[in-house]
Amino acid sequence: MAGVAAEGTRKSRVAPYLLSIPALAWLAVFFVVPLWSLLRTSLSTTSGSVYLPEQTFSWEWSNYATAFSTYGTQFTRSFVYAGLATLAALLLGYPLAYVIAFKAGRFKNVLLGLVILPFFVTFLVRTIAWKTILGDDGWVVSLLQTVGILGPDDHILSTAFAVVLGLTYNFLPFMLLPIYVSLEKIDMRLVEAASDLYSPGGRAFRKVILPLSLPGVFAGTLLTFIPAAGDFINAQYLGSANTTMIGTVIQKQFLIIKDYPVAAALSFVLMAIILIGVLVYARVLGTEEIA
Amino acid sequence: MRDTDVTEPAGTVARQTSPADGKDVVIDIDHVTKRFADYVAVSDADFQIHQGEFFSLLGPSGCGKTTTLRMIAGFEQPSEGAIRLEGVDVSKVPPYRRNVNTVFQHYALFPHMTVWDNVAFGPRSQKVPKHEIAGRVDELLEVVRLSDFANRKPVQLSGGQQQRVALARALVNYPSALLLDEPLGALDLKLRQAMQLELKRIQREVGITFVYVTHDQEEALTMSDRIAVMNAGHVEQIAPPVEIYGRPETVFVAGFIGQANLCRVKVLCCNRGTADYELCGQTLHVAFDSDEFRDGSDGTLMVRPERVRVHTSPPADDTGVQLTITSLVFQGPILRVAMRTADDDEIVAHVGTETEIPDVRPGDTVWVTWESDAATLLPPGPAPAPGDEAEEIPGETATSDPARGHDVEET
């Protein structure tokens with residue numbers, strides 16, 4: 001009897017590891033191995049022709065120096081654009097999530113459906129659609145020119161504004177949905193309790209709802225900022241040579257110039273900066289405290 | 001001034017001893033009706049609650065007791081009538097401008113704040129000076145005996161401790177009345193009984209008016225100065241516990257509070273405070289003070305089981321009602337004797353087991369009597385449905401009165 005029981009507990013101790021094997025294998029094959037080869041590439045030198053380049057591993061740290069010195073502007077620009085887009089998405093997404101969570105009543109599901117609806121059209125097509133909307137002969141520009149906000153020679157497309165707008169648009173649902181989820185979870189009796197304790201709506205929001213929704217804000221800003229910082233579609237279709245982001249640079253290095261080592265070094269630098277940024281951000285916002 | 005209320009309970013005791021004499025009305029519910037669309041939640045409630053009183057709103061779920069409390073707190077507005085707090089009409093005043101505080105059913109503690117910050121929430125909202133907030137919060141944490149837990153988060157506390165934080169968070173504002181919405185509902189039986197005494201102690205200590213919503217009649221009887229029994233939106237009776245138990249005014253109150261034998265009877269003749277009625281061919285007397293009866297009208301007779309005496313032979317004065325025993329259940333302190341009339345009405349007697357237990361068994365014929373002051377003649381009305389008392393409270397089956405739990409099961 002005792003033997004059976006012991007075997008039972010041993011089995012249940014092994015089971016979690018067995019269950020995680022497929023996922024670990026997946027990660028090993030499709031994440032760890034590529035990352036390793038990318039790291040090797042970033043420290044290699046290129047030889048051979050443009051069509052058939054060959055990499056030789058040689059501790060080539062100068063690739064990183066090149067990446068920094070040549071593309072510093074694009075790095076900065078990427079983080080500024082992604083930061084602006086994240087801020088804009090937060091300012092648009094939070095109130096909308098609030099309305100959907102607390103005020104929408106029976107329209108809640110319809111509104112959530114509308115938020116998700118754009119996902120049924122591919123990212124690329126939606127971004128190209130913005131190109132048409134914001135184009136010099138589009139209705140937006142002509143309307144703004146008629147009103148006098150834009151001068152006759154001004155345009156929106158190919159500006160930093162268009163790129164940030166595109167990023168904001170594309171990543172808004174990633175901001176909104178986590179915020180919505182964290183707002184939805186808030187027990188409305190807490191708001192009643194705040195009201196009972198002499199706090200009118202505004203103060204109840206600042207002291208109760210906002211702090212309790214911070215985990216959603218945290219998740220939303222990360223889900224928006226990280227992909228936005230590495231994005232290359234928006235800068236490519238809505239921007240110009242003056243608005244190139246680091247994602248575009250990496251894409252060009254890999255697929256057009258085919259300088260794999262520099263492209264890999266750029267990727268690693270981008271990853272490192274984002275990782276450090278996220279850690280600092282998590283430290284500042286202190287998400288553990290909130291849950 | 002309020003400070004002294006807390007630190008010097010002696011001053012409030014005098015006020016508390018005469019809570020119902022008409023002075024010092026804190027809450028005035030003036031002909032209040034509340035409708036939600038077509039549904040009438042509270043119908044013409046009209047009563048006053050006095051300074052220092054422990055006032056309970058008691059009734060089954062859906063009787064309107066919580067709606068009444070929410071109207072006092074300001075979360076709902078009366079459809080008709082007015083609510084006055086210390087003489088001021090607050091019917092349209094939002095909750096955050098009313099000087100009453102609520103202990104919510106599931107506490108509604110702020111999960112992201114420590115115990116200390118939870119308690120300090122109200123005074124901070126009211127912009128009380130910092131040093132005064134600290135003093136008040138520390139004092140209240142002491143009153144509820146949680147000083148050592150000030151830096152914990154609510155999730156790190158037990159149910160009973162959370163309950164006491166909720167209490168401190170409300171009392172720290174020195175409200176003119178504390179509103180409690182089934183505050184012990186989520187606690188298990190043992191803890192609930194301990195908290196009942198604790199609540200009563202705190203109320204005596206701070207001398208603040210408590211308005212207590214509960215569906216648990218025993219809880220209401222244990223703690224209240226006065227109880228308002230509500231049913232289907234109506235206030236059925238407002239009286240101190242002894243009177244509610246001994247002199248119920250309606251069949252509902254009689255059936256809801258404790259156990260009661262309720263028999264339909266025919267009133268034969270009535271004059272000057274006494275009436276003759278017929279029960280199973282026996283003519284008996286009862287005192288009554290209602291003008292609802294005239295000769296020949298129907299009534300309901302209420303007798304508490306512990307007042308019913310069981311005899312194995314007809315009593316000499318020929319006042320015994322002849323019955324057949326249907327079951328005998330030994331319950332420790334009492335023997336529960338269930339009997340049936342010729343009309344198939346059930347009458348239950350509780351015989352104290354310290355006295356001599358009559359030597360009877362099911363099927364035997366017995367005679368029961370009761371003192372005439374043990375019986376109450378009530379106008380006919382609906383009795384509470386069995387299980388009315390049982391609400392969404394986990395562990396409710398473990399009712400503190402085993403006799404009652406048993407009874408509900410059987411009927």
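Would you look at the GNM of chain B, springs on alpha carbons closer than 10 Å, and say which of B:Leu328, B:Leu109, B:Leu57 moves the most?
B:Leu328
Could you bin all the Cα-Cα distances of the stretch A:108-195 into 10 Å bins starting at 0 and give me the percent of pairs in each, rounded to whole numbers?
14, 32, 25, 17, 11, 1
Write down the Kirkwood hydrodynamic radius of the protein assembly as shown, to one decimal in angstroms, obtained as one divided by the mean of 1/r over all alpha carbon pairs. Could you put the intermediate results ahead of the total?
Values: mean 1/r = 0.0311 Å⁻¹.
It is 32.1 Å.
For B:Ser327, list long-range residues whose amide hydrogen, built 1.01 Å from N in the peptide plane, is under 5 Å from its own amide hydrogen.
Under 5 Å from the amide H of B:Ser327 lie the amide H atoms of B:Ala338, each far enough along the sequence or on another chain.
Show me the three semi-axes of the equivalent ellipsoid for chain B, from the C-alpha gyration tensor (sqrt of 5 times each eigenvalue), largest first, rounded to whole Å.
Values: eigenvalues 404, 116, 64 Å².
Calculated on Cα positions only, the semi-axes equal 45, 24, 18 Å.
Under a point spin-label approximation (7 Å from Cα along Cα-to-Cβ), what is the B:Asp344-A:Val147 distance to one decimal in nm?
Here the answer is 8.2 nm between the modelled labels.
Estimate for me the total accessible surface buried between chains B and A (protein heavy atoms, probe 1.4 Å, no ligands or nucleic acids), in Å² to the nearest 100. Kindly include the intermediate steps, with their values, before the conclusion.
Working: alone 18830 and 17500 Å², together 34370 Å².
Buried surface at the B/A interface: approximately 2000 Å².
Each residue of the stretch B:192-200 in order: what ³J(HN,Hα) in whole Hz does its phi give by Karplus 6.51 cos²θ - 1.76 cosθ + 1.60, θ = phi - 60°, with x for Gly and Pro?
Coupling constants for the stretch B:192-200: 4, 5, 5, 5, 4, 5, 4, 4, 5 Hz.
Spelling out what I want: for every residue of the stretch A:25-39, take phi, set θ = phi - 60°, compute 6.51 cos²θ - 1.76 cosθ + 1.60 (Karplus), and round to whole Hz; glycine and proline get x.
Working through the residues one at a time gives 4, 4, 4, 4, 6, 9, 10, 5, 4, x, 5, 4, 5, 5, 4 Hz.
Can you give the average number of partner chain beta-carbon atoms within 10 Å of each beta-carbon in peptide A:184-194, as a whole number? List each step's numbers first, then the result.
Values: counts 0, 0, 1, 6, 1, 7, 6, 1, 8, 15, 7.
What the average comes to for A:184-194 is 5.
Using only alpha carbon positions, build the gyration tensor of the stretch B:37-121, then give the equivalent ellipsoid semi-axes as the square roots of 5 times its eigenvalues, largest first, whole angstrom. Walk me through the numbers on the way to the answer.
On the way: eigenvalues 125, 54, 39 Å².
In descending order the semi-axes read 25, 16, 14 Å.
At a cut-off of 40 Å², which residues of the stretch B:37-82 become less accessible once all protein chains are present than in their chain alone, using a 1.4 Å probe?
Correct list: B:Phe75.
For a label point 7 Å from the Cα of A:Ser49 along Cα→C-beta, name the residues of the stretch A:235-269 whose backbone N is under 19 Å from it.
Those under the cut-off are A:255-260.
Of the residues B:Asp225, B:Asp46, B:Asp318, which exhibits the maximal mean-square fluctuation in a Gaussian network model of chain B defined by a 10 Å Cα contact cut-off?
B:Asp318
Give me the residues in the stretch B:119-150 whose solvent-accessible area, probe 1.4 Å, is reduced by at least 40 Å² once all protein chains are included instead of the chain isolated.
Residues losing area: B:Phe121, B:Ser125.
With the Cα gyration tensor of the stretch B:60-104 giving a ≥ b ≥ c as the square roots of its eigenvalues, does the rule (a/c under 1.5 for rounded; else a/b larger than b/c for prolate; else oblate) give rounded, prolate or oblate? Please report the intermediate quantities before stating the final value.
Numbers: a/c = 2.12, a/b = 1.38, b/c = 1.53.
Since a/c reaches 1.5 but b/c is at least a/b, the shape of the stretch B:60-104 is classed as oblate.
Can you give me the long-range amide H partners of B:Thr102? Hydrogens built in the peptide plane at 1.01 Å from N, cutoff under 5 Å, separation of 5 or more residues or another chain.
Under 5 Å from the amide H of B:Thr102: B:Leu179.
Considering only B:Ile227, B:Ile49, B:Ile133, give the residue with the highest GNM mean-square fluctuation for chain B, with springs between Cα atoms whenever their separation is below 10 Å.
Among B:Ile227, B:Ile49, B:Ile133, the largest GNM mean-square fluctuation belongs to B:Ile133.
With viscosity set to 0.890 mPa s and temperature to 25 °C, compute the Stokes-Einstein D of the stretch A:65-285, Rh being the Kirkwood radius across alpha carbon pairs; µm²/s, no decimals.
Once the numbers are plugged in, D ends up at 126 µm²/s.
On average, how much accessible surface per residue is there in the protein assembly as shown, in Å², for a 1.4 Å probe, leaving out ligands, DNA and RNA?
Values: 34370 Å² over 702 residues.
I get 49 Å² per residue for this part.
How about the stretch A:200-234: which of its residues lose at least 50 Å² of accessible area in the presence of all protein chains relative to their chain isolated, using a 1.4 Å probe?
A:Arg203
For B:Glu371, what charge total do you get from the other residues with a beta carbon under 10 Å from its beta carbon, if Lys and Arg give +1 and Asp and Glu give -1? Display every interim value, and only then the final one.
Numbers: positive: B:Arg307, B:Arg309; negative: B:Asp373.
Summing Lys/Arg as +1 and Asp/Glu as -1 gives +1.
Once you mark the GluC sites (Glu not before Pro) that are in a DSSP loop and have at most 16 other Cβ atoms within 10 Å, what is the longest gap between them in chain B? Before the final figure, lay out each step's value.
Working: sites that count: B:Glu86, B:Glu292, B:Glu354, B:Glu356, B:Glu371, B:Glu391, B:Glu392, B:Glu396.
The longest uninterrupted stretch comes out as B:87-291.
In the protein assembly as shown, carbon and sulfur make up what percent of the accessible area (probe 1.4 Å)?
60
Provide the per-residue ³J(HN,Hα) series for the stretch B:56-73, in order, calculated from phi with Karplus coefficients 6.51, -1.76, 1.60 and θ = phi - 60°, each as a whole number of Hz, with x at glycine and proline positions.
Taking θ as phi minus 60°, the curve returns 10, 9, 10, x, x, 5, x, 8, x, 5, 6, 4, 4, 4, 5, 6, 5, 6 Hz for the stretch B:56-73.
Given axes a ≥ b ≥ c from the Cα gyration tensor, I'd like to know whether the stretch B:121-187 is rounded (a/c under 1.5), prolate (a/b larger than b/c) or oblate. Mind dumping the intermediate values first?
Details: a/c = 2.17, a/b = 1.33, b/c = 1.63.
The shape class here is oblate.
Scan the stretch B:214-273 for trypsin sites (Lys or Arg not before Pro) in coil per DSSP, keeping those whose Cβ has at most 12 other Cβ atoms within 10 Å, and list them by number. Please report the intermediate quantities before stating the final value.
Numbers: sites: B:Arg226, B:Arg264, B:Lys266, B:Arg272; in loops: B:Arg272.
When the trypsin sites (Lys or Arg not before Pro) of the stretch B:214-273 are filtered for loop state and at most 12 Cβ neighbours within 10 Å, B:Arg272 remain.
Just the Cα atoms of the stretch A:17-83, one point each, no solvent: what log10 I(q)/I(0) does Debye give at q = 0.17, 0.21, 0.23, 0.28 Å⁻¹?
Listed by q, the Debye log ratios stand at -0.85, -0.94, -0.97, -1.08.
Evaluate the charge dipole of the stretch A:65-285 about its Cα centre and quote only its size in Debye, nearest 20, assuming +1 on the Cβ of each Lys and Arg and -1 on the Cβ of each Asp and Glu.
Numbers: 14 positive and 10 negative charges, 118 e Å.
Magnitude of the dipole: close to 560 debye.
Using the Cα gyration tensor of the stretch B:236-390, with a ≥ b ≥ c the square roots of its eigenvalues, what is the shape: rounded (a/c below 1.5), prolate (a/b larger than b/c) or oblate (neither)?
Working: a/c = 1.81, a/b = 1.25, b/c = 1.45.
Judged from the Cα gyration tensor, the stretch B:236-390 comes out oblate (a/c at least 1.5, b/c at or above a/b).
The values are calculated or read from the model by the stated rules, or taken from the named source; none is laboratory data. Note that the structure is a prediction, hence the values are computed from the model and not measured. Neighbour counts run over all protein chains shown; Cβ positions are idealised from the backbone, glycine included. SASA here: full protein model, heavy atoms, side chains in, ligands and nucleic acids out. Shrake-Rupley method; radii C 1.70, N 1.55, O 1.52, S 1.80 Å.
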